[in-house]
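Data block below; observations after.
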Amino acid sequence: MGCGQRSGVAPAVRGVRRCGQGLGGWQGAGWFAAVSVKGSNMAINMRLETAGRPVSCRIRQFRAGDAAALADVFASAVHGIASRFYSPAQIRAWCPEAPSSEAFLRKLSDGRAVWVAADDADVPVAFIDLEADGHIDMLFCHPRAAGQGVAAMLYGKLEEAALRQGIGLLYAEASEAARGFFERAGFALDKRCEFERGGVKIHNYRMVKILD
């Protein structure tokens, strides 16, 4: 997939998966479509503006009943935000349609930790996950919640958990839309990854952060 050689912080990322690897046909891994974030509010409760009306947003653990809503968050993020950074052909190759709730539930129930940002009606608007080896596979935010610090809240919870678990390294494959967010969160660029999905060339960025 065009990313065989490690560079930059290579010693820190030995053993992690190759660039461009993802979640089958719908490519969840490390694309982080919708983390257009302003500021770095790590509080657990915040206010969002939605259609001119402020609503409460809180961070909680993933529940099985969230699967359909998170599949919608993923598809909405790709088509509503990542489309500003990738061509229509790339978006179609990445996410031709929302994955099924069953597929999302299987993926998110494999032992990874998952945190959800839910609005005042307890409807998920964003989510993040953490695998046992420190891999952040998914961070997606619905367009209606983007730019409000939701991704920063989610990432703050994840890093706290990683430190408690003794994880020394976090890594991700960040989309063009998400690269700046991860840099502001203290991640370093390892390399740009070029690969193909459905015959369409796409790229993302391997990012790593060593935790103290």
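The values are calculated or read from the model by the stated rules, or taken from the named source; none is laboratory data. Bear in mind the structure is a predicted one, so any value in this text is a computation, not a measurement. All Cβ positions, glycine included, derive from the backbone under ideal geometry; neighbour counts span all protein chains shown. Ligands, DNA and RNA are excluded from the accessible area calculation, which covers all protein heavy atoms including side chains. Shrake-Rupley method; radii C 1.70, N 1.55, O 1.52, S 1.80 Å.
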Regarding segment 159-170, can at least one residue be identified that is surrounded by fewer than 23 Cβ atoms within 10 Å (Cβ to Cβ), within 28 Å of residue 98 (Cβ to Cβ) and not charged (D, E, K, R)? yes
Which condition breaks for residue 67 when tested against (1) within 21 Å of residue 158 (Cα to Cα); (2) over 16 Å from the mean Cα position of the chain (by Cα); (3) of a type in the set (A, V, I, L, M)? (2)
Restricting attention to segment 145-153, does a residue exist that is surrounded by fewer than 20 Cβ atoms within 10 Å (Cβ to Cβ) and within 26 Å of residue 202 (Cα to Cα)? yes
Based on this model, can you work out whether residue 62 counts as closer than 20 Å to residue 125 by Cβ and of a type outside the set (A, V, I, L, M)? yes
Across segment 37-69, which residue is most open to solvent (accessible area, probe 1.4 Å) among those that are more than 29 Å from residue 109 (Cα to Cα) and either modelled with pLDDT of 50 or more or touching a Gly at 6+ places or on another chain (Cβ under 8 Å) (or both)? 38
Could you say which residue among 121, 178 is open to solvent by 10 Å² or more (accessible area, probe 1.4 Å) and small (Gly, Ala, Ser)? 121
Failed criterion for residue 92 (all others in (1) crowded, with 20+ Cβ neighbours inside 10 Å; (2) within 21 Å of residue 203 (Cα to Cα); (3) modelled with pLDDT under 95 hold): (1)
For the structure I just gave you, tell me whether residue 123 is touching a Phe, Trp or Tyr at 6+ places or on another chain (Cβ under 7 Å), β-branched (Val, Ile, Thr) and over 21 Å from residue 202 (Cβ atoms). no
Going through segment 127-154 one residue at a time, which ones are among the small types (Gly, Ala, Ser) and at pLDDT below 95? 145, 146, 147, 149, 151, 152
Residue within segment 172-187 that is over 16 Å from the mean Cα position of the chain (by Cα) and of a type outside the set (Phe, Trp, Tyr) present: no
Considering only segment 70-89, state which residues are open to solvent by 30 Å² or more (accessible area, probe 1.4 Å) and in contact with a strand residue (DSSP E or B) (Cβ under 8 Å, 6 or more places away or on another chain). 89
Filtering segment 181-196 down to residues that are touching a Phe, Trp or Tyr at 6+ places or on another chain (Cβ under 7 Å) and open to solvent by 40 Å² or more (accessible area, probe 1.4 Å) yields 189, 192
